[in-house]
1. Hey, any hits in the range 69-87 for a residue that's in contact (Cβ under 8 Å) with a residue 60 or more places away in the chain, open to solvent by 40 Å² or more (accessible area, probe 1.4 Å) and among the basic types (Lys, Arg)?
2. Being in a loop (DSSP other than H, G, I, E, B), surrounded by fewer than 18 Cβ atoms within 10 Å (Cβ to Cβ) and in contact (Cβ under 8 Å) with a residue 12 or more places away in the chain is the filter here, so list the residues in the range 213-231 that pass it.
3. Considering only the range 67-96, how many residues are over 16 Å from the mean Cα position of the chain (by Cα) and closer than 21 Å to Pro247 by Cα?
4. What number goes with the only condition from (1) more than 30 Å from Met128 (Cα to Cα); (2) hydroxyl-bearing (Ser, Thr, Tyr); (3) buried (at least 20 other Cβ atoms within 10 Å of the Cβ) that Tyr194 does not pass?
5. Among the residues of the range 109-124, is any touching an Asp or Glu at 6+ places or on another chain (Cβ under 7 Å) and farther than 26 Å from Thr206 by Cα?
6. Go through the range 290-315 and give me each residue that's open to solvent by 10 Å² or more (accessible area, probe 1.4 Å) and either among the hydrophobic types (A, V, I, L, M, F, W, C) or over 19 Å from the mean Cα position of the chain (by Cα) (or both).
7. Any idea which of (1) open to solvent by 50 Å² or more (accessible area, probe 1.4 Å); (2) at pLDDT 95 or above; (3) outside any helix (DSSP H, G or I) is the one Leu332 doesn't satisfy?
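The values are calculated or read from the model by the stated rules, or taken from the named source; none is laboratory data. The structure presented is a predicted model; accordingly, all values stated were derived computationally and were not measured. Heads up, the Cβs are rebuilt from the backbone with ideal geometry, glycines too, and the neighbour counts pull from every protein chain shown. These accessible areas exclude ligands, DNA and RNA; they are computed on the full protein's heavy atoms, side chains included. Shrake-Rupley method; radii C 1.70, N 1.55, O 1.52, S 1.80 Å.
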Amino acid sequence: MDSFCEIATFWLGASGAVLTMQRRQFIAFAGGAAAAWPMGARAQQPAMPVIGFLSGRSPGESAAVVVAFRRGLAEQGYSEGKNVAVEYRWADGHYDLLPALAAELVGRHVVAIAATGGSVSGLAAKAMTATIPIVFSSGGDAVKLGLVASLNRPGGNVTGVNLIYGALGAKRLELLHEVKPGAATLAVLINPNYPSAADEVASVQTAARSLGLEIVTIEVPIESDFQSAFVRLAQSKIAGLLVTDDPFLQSRRDQLVGLAAQHAIPAIYISRDFCDAGGLISYGPNISDAYRLVGVYIGRVLKGEKPVDLPVIQPTKFELVINLKTAKALGLEISPTLLSRADEVIE
């Protein structure tokens, strides 16, 4: 600055007009530099972390659980769009798409992946990265499926919430038998492409033998099979239906509930969102709370905790929901004993 003043004094002796020109140039230079400083400071600030959200389900029908996931993030001080960004990838029940979707998120250099909508998402994410932290939600046995080494010490880069939907198949069969106590034959609806489907059917078969029931397994690997499956059920005069754990089936709950009503088939489901859609009865953990817990774990990972130090969470409370309006439409009398055990009765 001192050298600039000396030059200005020299030009003052020669021409005042020239001095004016130099001042304007200096002011413009100084102003431009000052304006550039905040931009430079902003450019040096750390970029907003990006997390991946990978799901085997569909975006429209998952709106409520996404809200719950964001609520979990907020509990850890993170708000989407403010201090964290979320990249969403949806398989819409087409599990063969999950590996490519997981690879996209890994290529996006996300800092963590919330692998939701079934064990298939967690398995796809785990196959793509051994370093990016993964927090899953799964209805199957997370250890048996290979997601984690153990529940208390998951190992590696994976932890999450184990909803144990599949393990509750036997209990759902007992509840369905209470609704239809005189039934001799009940059916199980499965997607054979879902990894834990066979285990759930085996559990149901074991429970059926103790109750003296026959079980018919109906496979629906694609949506176009739904209509013919329910026609078969109605023609066979099956007394009731158990819909198994599977994101593909859950994401199409409106169609399944509608077909059950159309063909007058009493059915039990894995979660209350089926009853909210008009289903007869459901038994299972609170799925919204599970997604909230996934958000909480993702938030803790963002703060520096490692999946290996975060035990897999398992629910301890299960909801029994009965839709009494649907029961009346089906001409069913729900026993007072069963109604008294319900956590919620929809009328």
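1. Looking for residues that are in contact (Cβ under 8 Å) with a residue 60 or more places away in the chain, open to solvent by 40 Å² or more (accessible area, probe 1.4 Å) and among the basic types (Lys, Arg), one finds at least one in the range 69-87, hence yes.
2. Pro221
3. Residues flagged as over 16 Å from the mean Cα position of the chain (by Cα) and closer than 21 Å to Pro247 by Cα within the range 67-96 amount to 1.
4. Status for Tyr194: all satisfied but (1).
5. Yes; the residues of the range 109-124 include at least one that is touching an Asp or Glu at 6+ places or on another chain (Cβ under 7 Å) and farther than 26 Å from Thr206 by Cα.
6. Leu293, Val296, Val301, Leu302, Lys303, Gly304, Glu305, Lys306, Val308, Asp309, Val312, Ile313
7. Status for Leu332: all satisfied but (1).
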